[in-house]
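Encoded as structure tokens, the structure appears first; notes follow it.
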Amino acid sequence: MKNYLYETAVLLCLALLPGSGASAQECSALRTAGPRFAVRTNALYWATASLNAGFEVGLDPRTSWEVAGGYNPWTFGDNRKLKFWTAQTEFRYWLRRRFAGHFFGLHVLYADYNAGGVKLFGMGDRRYEGFLYGAGLSYGYQWVVGRRWNIEAMLGVGYIRSEYDRYVWKRCGRFLGSGRRNYFGPTRVGVSVGFMIR
């Protein structure tokens, strides 16, 4: 039955694209699903000394499901910190075949954080401790750079809801109150190196 479906798909591809020079080999991409699993790490996390890893499984030739996480346990001098742990999952639809080329994704994420004393997002003299959750849509591209290796670039945008307690940044700083924030904008960004498992 699989051979019949494959032959039918190749014939349809050739019939519909006669002027494009499409070959049976190109049309066989309909049958070739690519690797079954991938593990990867995001280089942008490593730039902030954050541990991270992701695992992705192919569901069918054009879809996959990814689970990823990150962790930063470090406190730097003078009680500066960007501590967090995060978990995210994403369903991906590939335009040609999984783990190669363009994809679109739908992701959800959750994180706990304890950050302060760093001159990002107004945290130079404040410490924020709380959690966030959200969802969004993403676009990415994977380049195959070897039989089992690829590089991925991706960007996601969507909604995040954050709830936190605010303190004076110094160690054992005074409690300044609680807050909530809704955010629309980038929710995922990555430049990752992946290893394919057949």
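What follows is calculated from the coordinates using simple rules that are stated; it is not laboratory data. All of these numbers come straight from a predicted model, not from anything done at the bench. When we count neighbours, we look across all protein chains shown, and the Cβ atoms used for this are built from the backbone with ideal geometry, even at glycine.
Listed here are the residues, each with its yes/no results for (1) surrounded by fewer than 18 Cβ atoms within 10 Å (Cβ to Cβ); (2) in contact with a strand residue (DSSP E or B) (Cβ under 7 Å, 6 or more places away or on another chain); (3) assigned to a strand (DSSP E or B).
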site	(1), (2), (3)
67	yes, yes, yes
70	no, yes, yes
86	no, yes, yes
93	yes, yes, yes
109	no, yes, yes
118	yes, yes, no
124	yes, no, no
129	yes, yes, yes
138	no, yes, yes
**OP:** Collect the residues in region 95-107 that are among the aromatic types (Phe, Trp, Tyr) and in a strand (DSSP E or B), keeping them in residue-number order.
**Re:** 103, 104
**OP:** Look at residue 81 and say whether it is charged (D, E, K, R) and either buried (at least 18 other Cβ atoms within 10 Å of the Cβ) or more than 24 Å from residue 182 (Cβ to Cβ) (or both).
**Re:** yes
Original post:
If we scan region 168-191, do we find a residue that is among the hydrophobic types (A, V, I, L, M, F, W, C) and at positive phi?
Top reply: yes
Original post:
How about region 72-100: which of its residues are closer than 20 Å to residue 55 by Cα and without any contact (Cβ under 8 Å) to a residue 24 or more places away in the chain?
Top reply: none
